[in-house]
Amino acid sequence: MAEANYFYKNTSIYFNEHIAKEDLEEFAIHECIHYIQEVKDKRNYLIRMGLCDYTEFKVYGLGLNEASVQLISSKINGIPKEYVKYFGISFETTSPSYYPLECCLVNQLAHITGEDILFESTLKSNDNFKKILCELISPKTFMVIQNAIDEILLHEEAIIKLNNKIAQIDDRNKKVDGMIKKIEELKHEIKLTFMRTQNLIISSYFNSAFDKIIDLEGIENYRKKLYTFKDLIGFTEGYTFFNEYYVSKMEQLEYKYNLLESGESQIQTALKVITKKENALLRFFKTLKKLIFGSNIEKENIPY
């Protein structure tokens, strides 16, 4: 089904025979990164690959890892951004043909944590990215997002399998009609899952980050980060969540700005009043000492 696959048991990369020679390098880099990622136990069983955990009963983070590896591969290959549309979702990506939807969501997460920590955890197979993200959006939200990206990947694979079956059937029949209907249902579910996950990423991070703003610099950093997030999201016809969320947060931000600015002014005014009072008291005690001890008090270092 894939253009290329790394097989850890014999440390080999297998390529689809239909791949053009000029495209081999792009896919090879992706699979070579998987080789760097792999972590095996003493029995030579794969237990981890980058951001993906291979437990006894279930695999976690497969979609997250594949997307992150592809983002690294695209950066290495110098692939320019391209505007694409999949399943009714339009967005800009550096991976137009390889896990584009997953890459779009993971790129949003990288905007939150920083790209360096995402790539470091991907290549070194550690939990640093996960820990930071959990602190920013909560562990429960992280698991929901991770599972959603896995779900999108699995639905895409199911569509590929169904299309392959349809291609092998010469005459259209009820069975083919059923598979076509199933494909449309999977596409619709992918679209819903993507948009729900994107909205969750936006709201969970920026709601939490808003509560942590303590100064005017924090307000400006928050404003910039939310504004630039618009370049990373996917749009569907009639999608209004981000615009509405942005307007709402800007209103809240303006109110918080006024509170912080007013608070800082009050603190500065209080400090000036305190300083004036201290200066007045200081002058009073100096005058009092001169009256009591005479003009030589400074020479004698008499405390007051």
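Side notes on the structure shown:
- Taken over the alpha carbons of segment 188-235 as equal point scatterers, the Debye sum produces base-10 log I(q)/I(0) values at 0.19, 0.23, 0.30 Å⁻¹ of -0.66, -0.84, -1.11.
- For the chain, the 222 nm mean residue ellipticity estimated from helices alone, with every DSSP H stretch of n ≥ 4 adding -39500 (n - 2.57) and the total spread over all residues, rounds to -23000 deg cm²/dmol.
- The chain - percent relative contact order, Cα under 8 Å, separation 6 or more: 15
- Length added when fully stretched, Phe57-Ile76, from 0.36 nm per residue minus Cα-Cα: 3.4 nm
- Simple label model, 7 Å out from Cα along Cβ direction - Glu261 to Tyr227, nm: 1.6
- Greater than 25 Å apart at Cα, pairs in Lys9/Lys191; Lys165/Lys191; Lys85/Lys131; Lys165/Lys187; Lys130/Lys161; Lys161/Lys181: Lys9/Lys191; Lys85/Lys131; Lys130/Lys161
- Looking at segment 3-54, the GluC sites (Glu not before Pro) that sit in a DSSP loop and have at most 14 other Cβ atoms within 10 Å of their own Cβ are Glu17.
- Placing dummy labels 7 Å off each Cα toward the beta-carbon, the span from Ser248 to Arg196 is 1.8 nm.
- Nearest-0.05 FRET efficiency for Met143 and Glu220, computed from C-beta distance (R0 35 Å): 0.65
- Computed over the Cα atoms of the chain, pair by distinct pair, the Kirkwood hydrodynamic radius stands at 23.5 angstrom.
- 10 Å-binned pair-distance histogram of segment 177-262 (Cα, whole percent): 15, 40, 23, 13, 7, 3, 0
- Residue ranges 4-11, 193-200, 121-128, 171-178 sort as 193-200, 121-128, 4-11, 171-178 when ordered by packing (mean number of other C-beta atoms within 10 Å per residue, highest first).
- Fluctuation leader among Lys21, Lys225, Lys256 - the chain, Gaussian network, Cα springs under 10 angstrom: Lys21
- For segment 56-145, the per residue solvent-accessible surface stands at 45 Å², with DNA, RNA and ligands left out and a 1.4 Å probe.
- Under the simplified labelling scheme, the Ile160-Lys85 pair shows an inter-label distance of 2.4 nm, with each label point 7 Å from Cα along Cα→Cβ.
- Interchain or long-range residues, amide H under 5 Å from Ala4's placed H: Asn16
- Förster radius 30 Å - calculated FRET efficiency between Lys174 and His18 (Cβ-Cβ, nearest 0.05): 0.50
- Summing charges over neighbours of Ser121, with a neighbour being any other residue whose Cβ is under 15 Å away from its Cβ, gives -4 when K and R count +1 and D and E count -1.
- Protein heavy-atom surface of the chain, 1.4 angstrom probe: 55% of the accessible area is carbon and sulfur, with nucleic acids and ligands not counted.
The values are calculated or read from the model by the stated rules, or taken from the named source; none is laboratory data. All values reported here derive from a predicted model rather than from experimental measurement. When we count neighbours, we look across all protein chains shown, and the Cβ atoms used for this are built from the backbone with ideal geometry, even at glycine. Only protein heavy atoms, including side chains, enter the accessible area calculation; ligands, DNA and RNA are left aside. Shrake-Rupley method; radii C 1.70, N 1.55, O 1.52, S 1.80 Å.
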